[in-house]
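In what follows, a structure is listed as structure tokens, so that the remarks can point back to it.
Any read-out appearing in this document is the output of simple, stated calculations on the displayed coordinates, not a laboratory observation. Bear in mind that the values here come from a model prediction, so they are computed numbers and not experimental data. FYI the Cβ positions are ideal-geometry reconstructions off the backbone, even for glycines, and counts take in every protein chain you see.
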There are 2 protein chains.
Amino acid sequence: MSIRKSLAPFNCSLARTADLIGDGWSMLILRDLFLGARHFGEFAASTGMARNILAQRLKHLAAAGLILREGPTNRPLYSLTDQGYDLVPALLALIQWGDRWLSDGKPPMILRDHKGRKLPAITLRSRKDKKLDPRQVRVQPGPGADDRTTAWLKGLNAD
Amino acid sequence: MSIRKSLAPFNCSLARTADLIGDGWSMLILRDLFLGARHFGEFAASTGMARNILAQRLKHLAAAGLILREGPTNRPLYSLTDQGYDLVPALLALIQWGDRWLSDGKPPMILRDHKGRKLPAITLRSRKDKKLDPRQVRVQPGPGADDRTTAWLKGLNAD
């Protein structure tokens, strides 16, 4: 699928996610679906992707369970699955970061909540629902960590 | 920098962000820095990246303002800048998504808050701090939208 060496073998959920959707094109397709685009032509218009690459990415995202393809074969309708929608907070966090750091104070899109109020910045929360600084987050090997991941994380903490 | 056609010309903060860090390798380097890695050899060990690609990505991330390079030339120390730390919530949201959908219930890493409690899922919030479903978010062209973006978004809403 990807030109680069696959990241998926790495024992990390970020590597697995990046391997699946880290390709910029896939993220733009998911963004378009979130915005309400349904048709091949709409994705093509907004992203400027070559049609063969777009078709390949759509197939890839459908096989991975993030999007659903329905309707007539000659004019299929695409939509996000629950798994796809579950990725939206992460995508919006990336958009908000781009708004803050790469947009000269002029965001291309304004995100609003269900009442039309500007969507607040997506932040980390503690278990007690208090805002949490990223520097306060701690990490330890989980049940899915292999020996290499465990050793690497322990090496960092020992510094 | 990237093998693919640049996404940055697109009038969208996600495209700009993906163009900068959407490359899976860059995300893994930022993850490592967040986890406390400081040295070239640590990134090389955890990611398995070729040294020339790793060097190129570090230079790219430093030029973009996400990471800082300090210390002796023959053994530089890397760290996240404020701009880099500001991306951590998005990266952790991607990790949590991978934990939910790509890890067979066995996350490789456990994320904890400052008191050692498991970090809750990163969610969208309304202006009133209520949890918000991604389907409830509305989008409109912002001050940085060009005519094409504006027309495209209006076309979707007209459906």
- Interchain or sequence-distant (5+) residues whose placed amide H lies within less than 5 Å of the amide H of A:Ile110 are B:Gln140, B:Gly142
- Note on the structure: Measuring from the longest principal axis of the C-alpha atoms of chain B, the long axis of helix B:147-158 (C-alpha) lies at a number of degrees, nearest 10, equal to 60 degrees
- Note on the structure: CD proxy, 222 nm, chain B: helix-only mean residue ellipticity via -39,500 (n - 2.57) per DSSP H run with n ≥ 4, per residue, nearest 500, stands at -13500 deg cm²/dmol
- Task: Enter the mean number of other protein chain beta carbons within 10 Å of the beta carbon of each residue in B:139-148, as an integer.
- Result: 5
- At the level of C-alpha centres, the distance separating region B:30-54 and region A:44-115, in angstrom, is 29 Å
- For chain A, what is the relative contact order in percent, using Cα pairs closer than 8 Å and at least 6 residues apart in sequence? 16 percent
- Query: Per the Debye formula with a single identical scatterer at each Cα and no solvent contribution, what log10 I(q)/I(0) holds for the protein assembly as shown at q = 0.12 Å⁻¹?
  - Reply: -0.81
- Query: Angle, helix B:88-101 long axis vs. longest principal axis of chain B, Cα atoms, 0 to 90°, nearest 10?
  - Reply: 80 degrees
- Query: Kirkwood Rh, chain B, all Cα pairs: how many Å?
  - Reply: 18.3 Å
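For peptide B:32-44, compute the average count of partner chain beta-carbon atoms within 10 Å of each residue's beta-carbon.
What the average comes to for B:32-44 is 3.
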- Query: Along each of its three principal axes, how wide is the spread of alpha-carbon positions in region A:76-159, in whole angstrom units, largest first?
  - Reply: 47, 38, 29
